[in-house]
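**Q** First the structure, which I've put down as structure tokens, then a few questions once you've had a look.
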Amino acid sequence: MLNVTFLYIDLSKNPEPNYGLYLSAAFQIWYVVDALWHEEAILSTMDIIRDGFGFMLSFGDHAWVPFLYSLSSRYLLENPVIHPLALYVLVFVINAIGYVTFRMSNSEKNAFRKNPNQPRFAKYSLIPTESGKKLLASGWWSISRHPNYMGDILMAIAWSLPCGMEHLIPWFYPIYFTILLVHREARDEHNCHEKYGAAWVEYCKRVKYRIFPFIY
């Protein structure tokens, strides 16, 4: 709703097109729509499985997320930044790559958790564990151990790129989110090592990178 409000204010008061705001707001609105459309996949996330519902999720979803994640749109509403067309195209491409990576990897993970015996996984590389479960080491999950985090970070960067580099405030979200996901990945690494033991060690040998291939 905040992004819709920002768009309405800009379109009603600003005679010049604010393409950066249009892109940033549209990306965030699409992100929310996608989360609602694929709501069942949220049930298999770390937030629900390990952390559970409490102050973090309650405060985060009602206060932290809506007001701080939309800082880039609010900044562009009050500080329109004009860029060459090539930059807007680049921003769109980065967000598209991030979204496809995020959505496809999460959907693949959710489908595998629901039914790892589906025909689509017959030729995938799977690692058996002592508990009887299997670790997915093919498809999107052969790129890195958390390709969904990579997609999320790319989208966060795309939301803030139209703001330029003159102020730190609109970059709060991608900076904070990268720190959060790196910390979450470390927690997940520890938990998976304790849970799966030798199978997780083998998975790490096959999939060397944690989030970004060739970087981290």
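**Q** Using the Kirkwood radius over C-alpha pairs as Rh, can you work out the diffusion coefficient of the chain via Stokes-Einstein at 37 °C, viscosity 0.692 mPa s, in µm² per second?
**A** So the translational diffusion coefficient is about 174 µm²/s.
**Q** Ranked by accessible surface with a 1.4 Å probe, highest first, in what order do Ile153, Ile169, Ile82, Ile143 come? The partial results should precede the final answer.
**A** On the way: Ile153 10, Ile169 85, Ile82 150, Ile143 65 Å².
Result, largest first: Ile82, Ile169, Ile143, Ile153.
**Q** Counting alpha carbon pairs within less than 8 Å and at least 6 residues apart, what relative contact order, in whole percent, applies to the chain?
**A** Working: 219 pairs, mean separation 54.0, N = 216.
Normalised by residue count, the contact order of the chain is 25 percent.
**Q** How far apart, in nanometres, would the label points at Ser138 and Glu78 be if each is projected 7 angstrom from Cα along the Cα-to-Cβ direction?
**A** For the pair Ser138/Glu78, the computed spacing is 5.3 nm.
**Q** Would you kindly give the portion of the calculated P(r) for segment 101-146 that falls above 14 Å, as a percent of all Cα pairs? Intermediate values should be presented prior to the final figure.
**A** Values: 478 of 1035 pairs.
Percent of Cα pairs beyond 14 Å in segment 101-146: 46.
**Q** I've got another one for you. Can you give the direction-averaged projected area of the convex hull of the alpha-carbon atoms in segment 103-182, in nm²? Don't skip to the answer; put the middle values down first.
**A** On the way: hull surface 26.0 nm².
Mean orientational projected area (segment 103-182, Cα hull): 6.5 nm².
**Q** Quick check for you: with a 1.4 Å probe and neighbouring chains kept, what is the accessible area per residue of segment 71-204, in Å²?
**A** Working: 6850 Å² over 134 residues.
Dividing the accessible area of segment 71-204 by its residue count gives 51 Å².
**Q** Report the extension gain between Arg184 and Phe55 in nm, rounded to one decimal, defined as 0.36 nm multiplied by the number of residues separating them, less their alpha carbon distance. Mind showing how you got there, number by number?
**A** Values: separation 129, 0.36 × 129 = 46.44 nm, distance 1.72 nm.
Difference between extended and current length: 44.7 nm.
**Q** Now for a separate question. How high is the FRET efficiency from Phe172 to Tyr88, r the C-beta distance, R0 30 Å, rounded to 0.05?
**A** On the way: r = 22 Å, r/R0 = 0.73.
After rounding to 0.05, the efficiency reads 0.85.
**Q** Ok, one more. So what is the 222 nm mean residue ellipticity for the chain from helices alone, if each DSSP H run of at least 4 adds -39500 (n - 2.57) and you divide by all residues, rounding to the nearest 500 deg cm²/dmol? Don't skip to the end; give the middle numbers.
**A** Details: 10 runs with 130 residues, N = 216.
Helix-only estimate at 222 nm: -19000 deg cm²/dmol.
**Q** A further question on this structure: Put Glu189, Glu202 in order of accessible area, largest first, 1.4 Å probe: what do you get? Don't skip to the answer; put the middle values down first.
**A** On the way: Glu189 25, Glu202 65 Å².
Largest to smallest exposure gives the sequence Glu202, Glu189.
**Q** Shifting gears a bit: Of all accessible surface on the chain at a 1.4 Å probe, what whole percent is carbon and sulfur?
**A** Numbers: 8440 of 12590 Å².
Carbon and sulfur together cover 67 percent of it.
**Q** To the nearest 0.05, how large is the calculated FRET efficiency for Gln118 and Val33 if R₀ is 30 Å and r is the Cβ-Cβ distance? Can you show the working numbers first?
**A** Values: r = 27 Å, r/R0 = 0.88.
Given R0 = 30 Å and the Cβ-Cβ separation, E is 0.70.
**Q** Loop-only trypsin sites (Lys or Arg not before Pro) in segment 135-216, please: DSSP not H, G, I, E or B, and at most 14 other Cβ atoms within 10 Å.
**A** Details: sites: Arg145, Arg184, Arg187, Lys195, Lys205, Arg206, Lys208, Arg210; in loops: Arg145, Lys208, Arg210.
Those satisfying the criteria are Lys208.
The values are calculated or read from the model by the stated rules, or taken from the named source; none is laboratory data. Computed from a predicted model, the values in this text were never measured in an experiment. Cβ sites come from the backbone with ideal geometry, for glycine too, and all protein chains shown count toward neighbours. Calculation scope for accessible area: heavy atoms of the full protein, side chains included, ligands and nucleic acids excluded. Shrake-Rupley method; radii C 1.70, N 1.55, O 1.52, S 1.80 Å.
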